[in-house]
Structures are given as structure tokens and as C-alpha cells.
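First up is the structure itself, then whatever we jot down about it.
The values are calculated or read from the model by the stated rules, or taken from the named source; none is laboratory data. Predicted, not measured: the structure shown is a model, and the values here were computed from it. We place every Cβ from the backbone using ideal geometry, glycine too, and count neighbours over all the protein chains shown.
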Amino acid sequence: MANLFTLGFGKVSDLMGKLAEAGLTAEMAEEVRKNPALAEAIVKALKSKSTFTFVHGLFVKPEAQIKKVREWNGRFVWGLPEEAFVAAEKSVPEWPETQLVAVVLVPYLYDKTDDNESVTSGLERTFHELWKCAMSRQKTSWRWDGYRKAGPDRLRLLKGIEHKFGLRWEVIDLGSLRNKKPCDVRSAESSPHAGILAAAALHPRWVKSMDGDKVPFVWMPGYEVSVPGMEPWKATPRLSGCGSKVDLGCNSGIDGSLPWAVPSYFQE
């Protein structure tokens with residue numbers, strides 16, 4: 001979390017004005033200045049408010065995420081065992097007090113064979129199922145037509161990333177590496193993939209709040225896409241929102257002029 005002094009004089013002055021309007025007097029301010037324990041109590045009280053921990057209501061608390069994924073697991077027959085949810089309840093990570101960093105419960109589904117002996121990989125199932133959930137949380141949606149046949153010749157993970165069945169917590173910085181080319185900054189160790197779709201599904205207010213500025217649109221750097229007519233595997237999925245609409249497109253990923261973020265796993 002950024003230091004208070006990075007706000008600059010103008011914002012600090014505005015903050016003092018707001019506190020004065022709320023009833024803070026010079027005597028009260030002096031008491032806080034002289035009493036470190038009082039200052040600590042005020043900060044602790046602020047941190048206890050969900051607007052601080054969950055960035056002004058953009059994100060959903062972990063217990064609500066567990067409930068929602070359990071609901072989807074039953075409704076869509078994902079096959080995640082109950083012990084996976086029990087383990088998730090016992091392993092909730094600490095939520096960093098950093099803007100646009102989200103804790104996300106990510107389901108990774110298994111391969112599935114249909115009646116015609118056609119196999120849909122767990123990677124594909126996860127991609128399609130999480131998109132289905134994400135679009136259901138918004139009034140309207142759009143998806144690039146090529147994803148309708150997002151088989152192994154169309155969608156894959158970045159080299160070095162493995163798809164493993166299960167339910168896992170991921171802590172993702174959804175505002176990192178803005179205005180960067182995904183191909184320049186991604187890696188198997190740092191780049192989320194299904195977690196971004198899970199974030200769109202579990203944190204619908206995050207999508208609604210996207211404006212390309214304070215809440216940027218995002219690449220999905222852990223995936224690679226092969227687009228007909230382009231050099232194979234040079235495209236990257238991207239997710240954007242506009243009001244109550246969510247869009248899932250793709251781009252070559254080599255254009256650094258787009259004001260998008262390249263999400264990464266959060267590191268202190």
C-alpha cells in the first residue's frame with residue numbers, strides 16, 4: 001500500500017478539509033499527533049471497513065466466493081469434491097491492502113469425454129465454463145467467435161504452465177504492468193490465466209467498474225491463442241468491461257499502445 005506522503009500536497013489538503021467537515025477539530029488532530037496509540041486505533045478501525053480491504057466494494061469476500069463456486073460446481077456438474085472446498089475454507093490467503101489486488105478462488109476442471117468419444121480438455125472446459133459464469137453476472141456480453149472452437153489448435157497455456165485439476169486460491173494484481181506488451185513481461189511463474197476469468201465471474205463489480213483508467217482493462221497473459229490468418233500462437237486473450245457488459249476478445253499482444261494492464265500474481 002502506498003505511503004501517505006505519495007498523495008501530494010493537494011490531496012492531503014483535500015483530506016484535511018474532508019476531516020474538518022466531518023467534525024475533526026484542531027484539538028482532536030493535535031491529540032492524534034501526540035498519541036501514537038490513538039493514531040493506530042484510527043488506522044485499525046479504517047482497515048476493518050470492507051471498503052479498504054476490498055477496494056471500495058469491487059471485490060467479494062472469500063467466504064462468499066466459496067459459496068458461489070460450490071453452487072456452480074453442483075449446478076454445472078464440475079466434479080470438484082467437497083474436500084476441496086473444505087481445504088479452501090482452511091487456506092484463505094491474506095488479502096493484501098493494495099488497490100486492484102484480488103484474492104480469487106479458481107476452479108480447474110478435469111478432461112471430459114462426451115457420448116461421441118470426443119474429449120474436451122480440462123483447460124478448454126475451465127475456459128468455457130468460467131466465461132459462461134462471468135457473462136451470466138453481467139447484463140450483456142460479447143465473445144470473439146473463434147473461442148467457440150477453442151480446442152488445442154486454438155487455445156493453449158504459455159509454455160511452462162500446467163493445467164492441474166483442483167480448487168486453488170490465487171492472489172492476482174489486476175492493475176499491474178499497464179501499457180506493457182504481454183509478450184515482453186509475461187512468464188510461466190508470474191502470469192495468471194483461468195484466474196482472470198474466475199475474477200470476472202466472482203467479482204462482477206470489478207468488471208462493471210472498468211474504465212480503462214482507474215480500473216484498467218486486462219490481458220490474460222497465461223494463455224496463447226492461434227488466430228486464423230495470423231502467425232500461430234501470437235495472440236493473447238483480453239477482457240474488458242463497459243457498464244454492465246463484459247467482452248472477451250484477443251489481440252496480437254505485441255501492441256504496447258493499448259492502455260491495458262498485464263495482470264500478474266501478487267508478490268510483496
Within region 139-193, restricting to residues that are out of contact with any Phe, Trp or Tyr (no Cβ under 7 Å at 6 or more places or on another chain), touching a residue at least 12 places away in the same chain (Cβ under 8 Å) and of a type in the set (Asp, Glu), the one that is nearest to Tyr265 (Cα to Cα) is Glu189
All positions within region 124-174 that are over 18 Å from the mean Cα position of the chain (by Cα), part of a helix (DSSP H, G or I) and either buried (at least 19 other Cβ atoms within 10 Å of the Cβ) or not assigned by TED's automatic domain parsing to the domain that holds Trp78 (or both) | Glu124, Arg125
Here is a list of conditions, (1) modelled with pLDDT under 90; (2) at positive phi, and Cys242 meets all of them except one; can you say which number that is?
-> (2)
Somewhere in region 14-35, is a residue surrounded by 11 or more Cβ atoms within 10 Å (Cβ to Cβ), modelled with pLDDT of 95 or more and not in a helix (DSSP H, G or I)?
-> no
